[in-house]
Structures are given as C-alpha cells and as structure tokens.
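Have a look at the structure below, then the notes.
The values are calculated or read from the model by the stated rules, or taken from the named source; none is laboratory data. If you're wondering where the values come from, they're calculated on a predicted model, not measured in any experiment. Positions of Cβ are backbone-derived with ideal geometry, glycine not excepted, and every protein chain shown enters the neighbour counts. Ligands, DNA and RNA are excluded from the accessible area calculation, which covers all protein heavy atoms including side chains. Shrake-Rupley method; radii C 1.70, N 1.55, O 1.52, S 1.80 Å.
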Amino acid sequence: MKFIGKLKTKSSKDIKSTSIGIGFECYDRDLFSPEKCYDLAAATGAKFIRVQTGWARSEKEKGIYDFSWLDDMVNNLIQRGMVPWFNVGYGNPLYMPDAPNSTAVGCVPTLYGEECLNAWNNFIKALTEHFKNRITHYEIWNEADISHFWYPDKPSGKALAELVKITGKTIREVYPEAKIGTCVANAEPNYVYNLFSNLEPCDLDFFCTHNYDRFPDISWRSRRDVIARQIMDSLGFNNTPIWMGECGHASWHPVGHLQCKEGGGSEHRQAVWHLRRAFLDLQNGMELTSYFMIVDLWEKPYEKAVEVLSKPAAHGILNGITYTPKATHKALSNAAYVLSDKNEVIETFALIEGKRDNPDIPPTTVYFEHNGKPCMAYWLGCPIEVEEIHEICYIVTNPMKKLKDPVVIDMLTGEVFERYDGEYPYPLREYPLIYCERDTFEFE
C-alpha cells in the first residue's frame, strides 16, 4: 500500500472525551515521581486518570489530615486537560497496629473495630469535603475479591457491599452529586452475585472489573464480564455501567508471573495487548479502558498485604527510572484519538478472507461508527508472543457501508495508507488496523 501520512494525535486538552484512561496508582505509597509523568500522560490524549487516595499518607497524626501531596497530583492533571477519579482505599497503621506492611495496604477498616471504622469515616468526610469541587467519581476499595487487598479476613462480596454502603453514605452526606463505584479483580460469578445481592441500585453508579489475562482475544475474564452484566441485570442494576477500571500487559515479567510464566516480554507485545484490549472493550460496551499504569514501579519496593516485590512486572507505558516512553505510549496516543468523541458499535456484515499463513486463526473484527462514519478495527488474534505478522487479506463489507475512498491506519505507528491503483489486498497484522474513509480522522 502507499504511505500517505500519519495520524494526527491530540493532547488531553484537545480531546473532549475518549474511552482511553491511564492509572496513576501507587503514589499513595510514594512509588514514583508524578512530576516526570504529567506532560507525557497528557500527550497521549487520555482523559480519565485513576488516582489512589492513601489514608496512611494523608493522616499521619490522628485527626490531622494533609492532602497537599494529593492536591498537587489532582491539580496538575486537571491543568493538562485530564480528569482524575479516586480509588478510595487501604488502611492506616495508626488504627491498625498489627498491619503487616508499612502503609496498611489491603487492611480493611470494617475489620479493625469501632475506633478504626470511625476514623475511616472521618477521613472520608475530610477527603470528600476537600476535593468535592474537583473529583466526581469515588471508587470504594481496590480488588477486594483477592486476599492481597482484603486483610485480615477472607474476601467476601457481602463484606465489600457493607464497606461500599458505609463509605458511599459518608461521601454523599458531604457531596450528594458524587458518583460511587467499586471494583473486582476477577469478576468471579459467586462473588459478583454476593456483592450485588447485598446492594441496592442506588448504592452504585459504576462498577469496574480488571483484566490482566495473557490472551485478550480469548480471555476467560472477558466472558466473566458478560456473566457479571447478566447477574447485575437480574438484580436490578441494568443502568449501572461496567468499566475496565484497570488492565494491562507488562513489557517485562519476572519468572512465574501470571501473564508470562517463563518471564521476559517486549515493548511490542505490550503495545499489541493494549491495542487489542481497547477495541475489545469498545465491542463489549465499556465506556472506559484504564491501563495500569503510567510508569514502571522500580524506584522502591512494592508492598501488598503480606508480600513485597523488589522489582514488579514492567506495566508502565513509561520506562521505570528513566521515564522515557515505550511503544505503548505511541499506541495509546493513536487509540485515544480514534476512540475519542462519539463511537457506537455496529452489528453489520464484515468478512476478512484471502491467502493466509495462519488459516486456523480467524481475524478479529470490531465494526463501529466514529462520529457517524463507518470504521472497522481488524487484526489476527494470535497468541501475544507471536510478533510481527505480515499477511495480506481481502475485506468484504456490507454493500450499504462500502467505502468510497478507503484508507488503512496502522494503530501501532499511526501510519496511514491507501491502495495503489488496481491493488486489492490489505495488510493483516497481529494488532489492530483501522479500515475507514479517508476523511474520518485527521492525518498529516
């Protein structure tokens, strides 16, 4: 095909809305330097930025709150056109003297007695009062369905529901317009049922699942998201949206990691995973795909409830220590623009066929309209370890949607191509390409 330009990406200030978000998690434990990240995050065009609130960092003396560290982050994000939202969670050693780690990560205030719970509610009141003119969305606790973050008891959907009700009530007493949510790591059906059967629809405005599966196209958790939707609908939560509140694939894994048991990885694999996830989430009706996280957490040890990692997997879109962009940074810049404004998934006839090197692996297609103009994302859903597929294919679409002046956008590089005269085959890669009209997106 003939190269004709590159996709013109936009900053967060220049994009009104997009489904692409980035996590600034773990600053509550002072694990990275956010001032080195703000401009690079805004350059991607991402809008919704997940921030953890850090009770232990905000209240170091009983009854005295210092939100200056959090103010700095929230203000810097807003100034650059991003929208921070809060994950409200974790404990405080002041009220949990037997906490197994230095910041009481994963220690749940409802499990530590009346004084602790009262202190938690006072913290939540102070937090909400301080940020109510800047923060609208409050997600209560993080991954309560895994033992690392629900200490010292066993994870329980009913117990999380209790925490959500208590904390949500406190937030809304201060800020009635607040949007309340919560999240799970695995979306295991029994846990989801126990959570929602102990809540009322008025208790939640959004619900987040997390996805770190090795193979995004055949993800067992993606199927669990569908089941979660069915459970929620059956219990009256039809209008509660599901977000992909945290997801990602590391560019490097330690041996034994759940995503890559043998260890290792590459920036290319990470970017491919991230791009596939963005369009699969669009297909699944998710309003947000938030990636963990902005930078590799390599400056200090990473503490879970009862585990410490000296060098965790490299999930950042920026390299640890150097804060330089990875390939995923460019890929998400492209995705944030393509998935900006109004996108609606369309059920229509779309077929990819032709001479194939991998005939047993069917291409994945996601057909959508961007501001009313038809687009199709397509890729070969091979294992994430298979890199640099170069095949050709034929695209057959509904005649009513036949494009008059089609181009193909490479979502990894942003390069835009048109066909040579008389040439019909299109490229097929292991990551999403976009087939659309020439005037759908700006390029230069």
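Here are a few things to note about the model shown:
- 5 angstrom amide H check on Leu288, placed H, neighbours 5+ away: Met244
- Percent of beta bridges antiparallel (DSSP, the chain, rounded to nearest 5): 60
- Note on Asp71 and Val306: their simple-model spin labels are 4.0 nm apart, each label 7 Å out from Cα toward Cβ.
- Furthest towards positive pole of dipole, Trp120, Val416, Ile140, structure part the chain, Cβ charges: Val416
- Solvent-accessible area per residue, Å², over the chain with all protein chains present [probe radius 1.4 Å]: 40
- 11 Å beta-carbon shell around Glu430, net charge (K/R +1, D/E -1): -2
- Which listed pairs, of Lys13/Lys326; Lys10/Lys404; Lys36/Lys154; Lys165/Lys300; Lys10/Lys165, have C-alpha distances above 28 Å, in listed order: Lys36/Lys154; Lys165/Lys300; Lys10/Lys165
- Taking the protein heavy atoms of the chain in the context of the full set of protein chains, the accessible area attributed to carbon and sulfur is 50 percent at 1.4 Å.
- Packing-based ranking, highest mean first, of 240-253, 429-442 given that Cβ atoms within 10 Å are counted: 240-253, 429-442
- Extension gain, Ile4 to Asp360, is 124.9 nm, computed as 0.36 nm per intervening residue step minus the present C-alpha separation.
- Isolated Cys in the chain, by beta carbon distance under 4.7 Å: Cys26, Cys37, Cys107, Cys116, Cys202, Cys247, Cys260, Cys382, Cys393
- Here the Karplus relation 6.51 cos²θ - 1.76 cosθ + 1.60, evaluated at θ = phi - 60°, turns the backbone of region 368-385 into coupling constants of 8, 10, 9, 6, x, 9, x, 9, 9, 8, 8, 6, 8, x, 7, x, 4, 6 Hz, with x for every Gly and Pro.
- For Lys132, the lysines whose Cα comes closer than 16 Å to its Cα, not counting residues fewer than 8 places off in the same chain, are Lys169, Lys179.
- Lys/Arg +1, Asp/Glu -1 at C-beta; the chain dipole; positive extreme among Pro362, Pro84, Tyr378: Tyr378
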